Amino acid sequence: MDNQNNRDALDQALTNLYQTDIPDGYRAAWRAAVQREEQTPMKQPTRKHPVWRVALPIAAALVLVFGAITAGNLIPTVVTDTLYSAPAPQPNAARKAAVGTPYAATESEASGANPTDYAALSSLGMVPSDNSIQLTDSQTGEAFGGGSASSGTDTQAAPSGTVTAAKVVRTVDLTIATTTFDADSDAITKLALSTGGYIANVSVNGEASDRMDRTAYYSLRIPSAQLDSFLAGLADVGRVTYRNETSTDMTTQYSDTSTRLKTQQDKMTRLQELMKQAIDVSDLLEIESEIADTQYEIDTLQSSLLTIDRDVDKSSVTLTLQEQSAGDTAKTVELSLWQRIAGGFTASIRATGTFLQNLLVFLVMILPALAVIALVAAIATPLLRARRRRRAATPVQLPETGEEGKPAETPVATPEAPPTPPEPPKA
Amino acid sequence: MSELLLQKAQNGDADAFTELCAPYEGLVYRHCLQMLKNPADAQDAAQETLLRAYRSIGGYRAASSIPTWLFRIAHNVCLDVLKSSYYRRERFSLETLREGGFEPADPQPTPESRYVRQSEQARLNEAITRLPQEQQALLSLRYGDGLSYEALANALGMNLGTVKSKLSRAKEKLRGLLPKQ
């Protein structure tokens, strides 16, 4: 009952509220205004800046995206490459490493007789610090058969030309993909040094960034006896995507070279005896010339044997370490589905985080420009308002153009009513 | 709503437009009066509303019914008027006149009854303005123009049940918005 009364009361209140007499002047005036408007050409309906409405948000979004990308490219994310860091200023190699330049030390540098360079390499961890590599004059120098310091698997060939063990040179070529480039670089270095080997050459392309596209090329010399353990140790470093191992039997070549060396040494002995017996000056000159040629031949052959010994003693490992983003990991088909999903998800999270960081950097970057724009707006807005006020103060007229929702600064004057206004239909 | 009338109006026929919108002139005027609280301003705004509607009917796509569309235009026009410095200045002038002793004639017999009526209407008015525009238009057409449910359904392009339901919900919501006595 109460509800019914309430409903009736509300209906009555609404009826009273809406019980408004519609002025006849208004009925006639808007009809007349419409009739007058009909005399002017009907304007085609135009949307209110449809291009702006669409283009403005898109442009703003593009500015933010490109700004963030640009900020990400412009602003360095790292200052130095910490892959190799020299503890103290060192000539040449250490200086290169200190400025983050990928350092490439050639084997000749590593095995050369320059103790300063060797010390620098040692300080960089590229060679064993305990000088286990024997780079003495005795090894690179005069006599071949004087007891090499090499600890290879072979028994040193005697000048007599008899080879007591096979001379097999092993070379390994590896490519490893990693998502933890720095850690794996260190691991490779430590592993190589722990086997008694050394890094003959290393070069790093690229710099640490979110692109994760660095590549390191290692040329390692690993004692042949430790090669297998070294390769086994690499199982903990990244993911091996390519492996090629070659064994070359140099026994025959070594034997031939040894025989030729023995021949030349015998020849040298004979020439030296002849030299002692020679009286004629022309004979002496001829023998001396022959001795020089023979000595050159001996040196060359000894060098060849030494190279073979070194190659047999220390296997050559060429290792390419490729930094790989988690996104690339997601593309790798060899991985399991879960690993690829996890890699892709991680990459997405990382990319989003990076984008947001870059966006923040960009927003901070453009603060000065925004300040200028705000200043211009602060100056222009009062001027525009003053102009609007001046226009509003002018005699009021019906606006020439008007659309739904378009601001009308001035109320519209009521046009004069026609003498006989039509009666509006009543529903 | 006659499609033919709409088509003619969209082609610029003033008579067709008049015939199409005349049933809702009261709706427009009442809403303007409700917002502007002044008959003269409401008359001007209502006229401007219909003029704007005539100019922009070419872009009318029947996404909403004609009365709802007119109601929305009227609302925008009134907002523009309320924002305009001209209007504020005029209101100030009227206030100045009142301060000077001018008092418009009032049909209410006694100050008490006038006060009660005005305060009740003000509360109701305030509550109505918080309704969605479609419901406001519905109430205005129903109670202002006295349209039947069938006429409302025809005007708003809805079926009869929907109109009844919407009207009922509008009043229910209005009751909830009204302060408890």
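Just grab the label-to-label distance for A:GLN39 and A:ILE349, each label 7 Å out from Cα along the Cβ direction, in nm (one decimal).
7.4
Report, as an integer, the average count of C-beta atoms from other chains found within 10 Å of each Cβ along A:24-37.
Values: counts 0, 3, 13, 7, 1, 6, 15, 9, 2, 6, 12, 5, 2, 7.
The mean count of partner-chain Cβ atoms within 10 Å per residue comes to 6.
Just add up the charged neighbours of B:SER140: K/R +1, D/E -1, any other residue whose Cβ is under 12 Å from the Cβ of B:SER140. Could you put the intermediate results ahead of the total?
Numbers: positive: B:ARG30, B:ARG142; negative: B:GLU25, B:GLU134, B:ASP145.
Net charge in that neighbourhood comes out at -1.
Given the Cα-Cα distance of A:ASP210 and A:PHE66 and 0.36 nm per residue of separation, how much length would full extension add, in nm?
Details: separation 144, 0.36 × 144 = 51.84 nm, distance 1.67 nm.
Extending this stretch completely gives an extra 50.2 nm.
Can you pick out the pairs among B:LYS37/B:LYS164; B:LYS37/B:LYS166; A:LYS190/A:LYS314 whose Cα atoms lie more than 19 Å from each other? Don't skip to the end; give the middle numbers.
Working: B:LYS37/B:LYS164 29 Å; B:LYS37/B:LYS166 27 Å; A:LYS190/A:LYS314 17 Å.
Check vs 19 Å cut-off fails for B:LYS37/B:LYS164; B:LYS37/B:LYS166.
Just subtract the alpha-carbon distance of A:THR241 and A:THR318 from 0.36 nm times their residue separation and send over the number in nm, one decimal. The partial results should precede the final answer.
Values: separation 77, 0.36 × 77 = 27.72 nm, distance 1.36 nm.
Additional length available on full extension: 26.4 nm.
Ordered by packing density, taken as the mean number of other Cβ atoms within 10 Å over each peptide's residues, highest first, how do B:44-55, B:165-176, A:281-292, A:306-317 rank? Each step should come with its number before you reach the end.
Numbers: B:44-55: 27.2, B:165-176: 15.5, A:281-292: 12.7, A:306-317: 20.9.
Highest mean packing first, the order is B:44-55, A:306-317, B:165-176, A:281-292.
Calculate the mean, over all residues of peptide B:7-17, of how many other protein chain Cβ atoms lie within 10 angstrom of the residue's Cβ.
On the way: counts 0, 0, 1, 2, 1, 6, 2, 10, 5, 0, 5.
Mean shielding by partner chains, rounded to a whole number: 3.
Note the buried accessible area between A and B here, summed over both chains, with a 1.4 Å probe, in Å² to the nearest 100. It would help to have the intermediate numbers written out before the result.
Working: alone 27770 and 10960 Å², together 33900 Å².
Accessible area lost upon association: around 4800 Å².
Using a 7 Å offset from the Cα along the Cα-to-Cβ direction at both A:MET275 and A:VAL51, what is the distance between the two label points in nm, to one decimal?
So the label points at A:MET275 and A:VAL51 sit 9.6 nm apart.
Given +1 on the Cβ of Lys and Arg, -1 on the Cβ of Asp and Glu, and no further charges, what dipole in debye does the range B:1-89 carry about its Cα centre, rounded to the nearest 20?
Working: 10 positive and 9 negative charges, 95 e Å.
Charge dipole of the range B:1-89: 460 debye, to the nearest 20.
With every protein chain kept in place and ligands, DNA and RNA left out, what is the accessible area per residue of the range B:1-89? Probe 1.4 Å, answer in Å².
On the way: 2980 Å² over 89 residues.
Normalised by residue count, the accessible surface of the range B:1-89 is 33 Å².
The values are calculated or read from the model by the stated rules, or taken from the named source; none is laboratory data. Source: prediction; values computed, not measured. FYI the Cβ positions are ideal-geometry reconstructions off the backbone, even for glycines, and counts take in every protein chain you see. Just the protein is used for accessible areas: all its heavy atoms, side chains included, with ligands, DNA and RNA removed. Shrake-Rupley method; radii C 1.70, N 1.55, O 1.52, S 1.80 Å.
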